[in-house]
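K.L.:
Before I ask anything, let me first share the structure, which is written out below as structure tokens.
The values are calculated or read from the model by the stated rules, or taken from the named source; none is laboratory data. Just so it is clear, the model here is predicted, and its values are computed rather than measured. Every residue, glycine as well, gets a Cβ built from its backbone with ideal geometry; the counts of neighbours run over all protein chains shown.
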Amino acid sequence: MEIITSPTFNKQYKKLPEKIQEQFDQRILLWLREPRHYLLRVHRLKGSLGGYWSFNVNSDVRVIYYYEDDEVVVLALIGTHSQLY
């Protein structure tokens with residue numbers, strides 16, 4: 001599977017504290033190994049974000065992503081729950 005990051009995701013990631021970036025780095029590896037791991041709390045989004053999925057980096061920070069096709073995932077957004085929703 002190929003992972004692409006959106007320009008918005010890249011900007012948001014760079015603004016995160018280093019500790020959160022490190023947590024993301026660990027969670028993305030977990031997500032790649034076991035996409036439905038309970039710690040990630042993966043779920044499909046509804047409403048204006050219908051078609052997107054989310055996983056937890058920690059108790060407040062989320063990654064929002066979508067499947068471009070069967071082989072490509074786009075990481076679209078990263079931020080706190082209140083920033084994204």
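K.L.:
Name the residue that is nearest to Thr80 (Cα to Cα), counting only residues in segment 9-68 that are assigned to a loop (DSSP other than H, G, I, E, B) and touching a helix residue (DSSP H, G or I) at 6+ places or on another chain (Cβ under 7 Å).
P.N.:
Asp60
K.L.:
Out of curiosity, is Arg41 at positive phi and modelled with pLDDT of 95 or more?
P.N.:
yes
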